[in-house]
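Heads up: the structure comes next, in structure tokens.
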Amino acid sequence: METEAYLVGDAASHGAPGLTNRNRVMFGHPGHAYVYLIYGFHYCVNVVCRPTGIAEALLIRAVEATFGEKQMTARRPVGKPRELTNGPGKLCQAMNITRTLDGVDLCNAQSELFIAENPELKKFRKEKGPMVTTTRIGITKAAELPLRFYLDGSEFISRRGVPAGSRD
């Protein structure tokens, strides 16, 4: 799994300009999906993280596809399994995440899209860790902030970075 945080006061955050029709979900209830279109073609999915009125979210950049690969490959034909979901636009295409899911409750298992608890979480983190913190990628504003996180042993990340604190 790979994520990037977007915080209050962060110039790269969609919440920085204030409430708009596009980012209204970011200002809403925590645990909901904020889905938007980039470059007029790719969707990105974020998890709203703070109480109503505070626009902070976590971009899901990559996930490890452990089931449903047949359905994902039908939507996104690739040569290697890691290429299914190793980037925010790729994972949205593979998982059929579009703007229609903007605002869904990610904490409700009855939603079309939800975040489930991994019963093997400790084992998974031990096998795929340690957690690496780097600067964000694919942005120009506030790109120097160490707000990108991934498990170092995972193949399912978009791009490896220089760990925060190890730069000169």
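Details
- A count restricted to region 1-53 and to residues that are closer than 16 Å to Arg148 by Cα and either among the aromatic types (Phe, Trp, Tyr) or touching a Lys or Arg at 6+ places or on another chain (Cβ under 7 Å) (or both) stands at 6.
- Boolean, Ala109 is more than 15 Å from Thr3 (Cα to Cα), among the hydrophobic types (A, V, I, L, M, F, W, C) and without any contact (Cβ under 8 Å) to a residue 24 or more places away in the chain: yes
- Residues (within 11 Å of Gly89 (Cβ to Cβ) and modelled with pLDDT of 95 or more) located in region 38-58: His42, Tyr43, Cys44, Val45
- Residues that are more than 15 Å from the chain's Cα centre (by Cα), surrounded by 12 or more Cβ atoms within 10 Å (Cβ to Cβ) and assigned to a loop (DSSP other than H, G, I, E, B) within region 128-153 comprise Gly129, Lys141, Ala142, Ala143, Leu145, Pro146, Asp152, Gly153, listed in sequence order.
- Only a single criterion out of (1) in contact (Cβ under 8 Å) with a residue 40 or more places away in the chain; (2) touching an Asp or Glu at 6+ places or on another chain (Cβ under 7 Å) is not satisfied by Gly103, namely (2).
Per-residue answers, yes or no, for (1) touching a Leu at 6+ places or on another chain (Cβ under 6 Å); (2) modelled with pLDDT of 95 or more:
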residue	(1), (2)
Ala65	yes, no
Pro81	no, no
Ala94	yes, yes
Lys128	yes, no
Glu144	no, no
Ser158	no, no
Gly165	no, no
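- Restricting region 8-56 to residues that are aliphatic (A, V, I, L, M) and free of Cβ contacts under 8 Å to residues at least 40 places away in the same chain, the residue that is surrounded by the fewest Cβ atoms within 10 Å (Cβ to Cβ) is Leu19.
- For region 75-122, a tally of residues being touching a helix residue (DSSP H, G or I) at 6+ places or on another chain (Cβ under 9 Å), over 19 Å from Leu59 (Cβ atoms) and among the aliphatic types (A, V, I, L, M) returns 1.
- Scanning region 18-27 finds no residues that are under 18 Å from Thr140 (Cβ atoms), touching a helix residue (DSSP H, G or I) at 6+ places or on another chain (Cβ under 8 Å) and assigned to a loop (DSSP other than H, G, I, E, B).
- The single residue among Ala33, Ala55, Ala65 that is in contact with a helix residue (DSSP H, G or I) (Cβ under 9 Å, 6 or more places away or on another chain), of a type outside the set (Phe, Trp, Tyr) and in a strand (DSSP E or B) turns out to be Ala33.
- Of the criteria (1) surrounded by fewer than 18 Cβ atoms within 10 Å (Cβ to Cβ); (2) not in a helix (DSSP H, G or I), which one Arg82 fails: (2)
- Options Glu112, Glu117; residue that is modelled with pLDDT of 95 or more and in a loop (DSSP other than H, G, I, E, B): Glu112
The values are calculated or read from the model by the stated rules, or taken from the named source; none is laboratory data. Since the structure is predicted, the reported quantities are computational estimates derived from the model, not experimental observations. FYI the Cβ positions are ideal-geometry reconstructions off the backbone, even for glycines, and counts take in every protein chain you see.
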